[in-house]
Amino acid sequence: MIAAIRIRGRTGIRRDIEDTLKMLNLTRINHAVLIEDNPSYKGMLQKAKDYITWGEVDADTVASLISHRGKLSGNVKVTEDYIKENTDFSSLEDLSKAVVDSSAKLEDSGVKPVFRLHSPRKGYKNIKKTFAESGTLGYRGDKIGDLIKRMI
C-alpha cells in the first residue's frame, strides 16, 4: 500500500498533471490518499512527482491515520464502535492490516478515501527539490510514515 500526499498547489500546473492529480483524489494541498501498489498507479505518481510525495506505509501508520483523520460520510469521525458494527473487522488494527495487505478497501468500510492533514510540524524542507536532494517531493520509501506522523 502506498500513501501519497500533495505538497504543492495548483498555480501554473499543466492540464495533464492536474487531471492525474484529480484521478488520484489529490485536489488540495496536504491531502493524503492510500492507493494500491500497481504499475498504473506508479505511472500516475511519476507523472505528478513534482507536486506530491509518496512511499510505502505500514499497518501502524494506516491505523493512526484512520483513527485521527478518517472521516465517514457527513464528516463523522471513525470510531472503534463503528468498525465493529459496520464491517467484518473486530478492531481498527485489523482493518488497517487488511488495507495494507490489499484484501480490503477503505471505501468498502465507509471511510472516505481522502485524508485532510495539517501542515507538518517544523514545516517542509524544500517544496521544489526532491527527497533525494534533501527536499520534500517525490518518492521517499518508508520515510513517508515519519511525515504522516508529523502531519496528524
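Among the residues that make up region 105-120, is at least one of them at pLDDT below 90, part of a loop (DSSP other than H, G, I, E, B) and over 17 Å from the mean Cα position of the chain (by Cα)?
Checking region 105-120: not a single residue is at pLDDT below 90, part of a loop (DSSP other than H, G, I, E, B) and over 17 Å from the mean Cα position of the chain (by Cα).
Among the residues in region 130-137, are any assigned to a helix (DSSP H, G or I), surrounded by fewer than 20 Cβ atoms within 10 Å (Cβ to Cβ), of a type outside the set (Gly, Ala, Ser) and modelled with pLDDT of 90 or more?
Of all residues in region 130-137, those assigned to a helix (DSSP H, G or I) come to 131-133.
Of the ones still in play, those that are also surrounded by fewer than 20 Cβ atoms within 10 Å (Cβ to Cβ) are 132-133.
Filter once more, keeping what is of a type outside the set (Gly, Ala, Ser): 133.
Right, trim to modelled with pLDDT of 90 or more and you get 133.
Checking region 130-137: at least one residue is assigned to a helix (DSSP H, G or I), surrounded by fewer than 20 Cβ atoms within 10 Å (Cβ to Cβ), of a type outside the set (Gly, Ala, Ser) and modelled with pLDDT of 90 or more.
Might you check whether a residue that is of a type in the set (Phe, Trp, Tyr), within 30 Å of Asp16 (Cα to Cα) and not in a loop (DSSP other than H, G, I, E, B) occurs anywhere in region 139-148? Let's see the steps before the verdict.
First, the residues of region 139-148 that are of a type in the set (Phe, Trp, Tyr): 139.
Checking the rest, the ones that are also within 30 Å of Asp16 (Cα to Cα) come to 139.
Narrowing further to those that are not in a loop (DSSP other than H, G, I, E, B): 139.
Yes, some residue in region 139-148 is of a type in the set (Phe, Trp, Tyr), within 30 Å of Asp16 (Cα to Cα) and not in a loop (DSSP other than H, G, I, E, B).
Listed residues Arg15, Arg10, Arg28; which is closer than 21 Å to Met151 by Cβ, basic (Lys, Arg) and over 17 Å from the mean Cα position of the chain (by Cα)? Spell out the reasoning first.
On the way: Arg15 fails: closer than 21 Å to Met151 by Cβ; Arg28 fails: over 17 Å from the mean Cα position of the chain (by Cα).
So the residue among Arg15, Arg10, Arg28 that is closer than 21 Å to Met151 by Cβ, basic (Lys, Arg) and over 17 Å from the mean Cα position of the chain (by Cα) is Arg10.
Any residue in region 31-58 that's farther than 23 Å from Lys71 by Cβ: show its pairings with residues that are outside any helix (DSSP H, G or I) and among the polar types (S, T, N, Q) at Cβ separation under 9 Å, as long as the two are six or more apart or on different chains.
Once the first residue is farther than 23 Å from Lys71 by Cβ and sits in region 31-58, its partners that are outside any helix (DSSP H, G or I) and among the polar types (S, T, N, Q) give Asp37/Ser102; Lys49/Thr130; Asp50/Thr130.
Please indicate, with yes or no, whether at least one residue in region 75-89 is surrounded by 16 or more Cβ atoms within 10 Å (Cβ to Cβ), basic (Lys, Arg) and at pLDDT 90 or above. Walk me through how you get there before you give the answer.
Applying the first criterion (surrounded by 16 or more Cβ atoms within 10 Å (Cβ to Cβ)) to region 75-89 yields 78, 82-83, 87, 89.
From what is left, the residues that are basic (Lys, Arg) are none.
No; the residues of region 75-89 include none that is surrounded by 16 or more Cβ atoms within 10 Å (Cβ to Cβ), basic (Lys, Arg) and at pLDDT 90 or above.
The values are calculated or read from the model by the stated rules, or taken from the named source; none is laboratory data. Since we're looking at a predicted model, the values are computed, not measured. We place every Cβ from the backbone using ideal geometry, glycine too, and count neighbours over all the protein chains shown.
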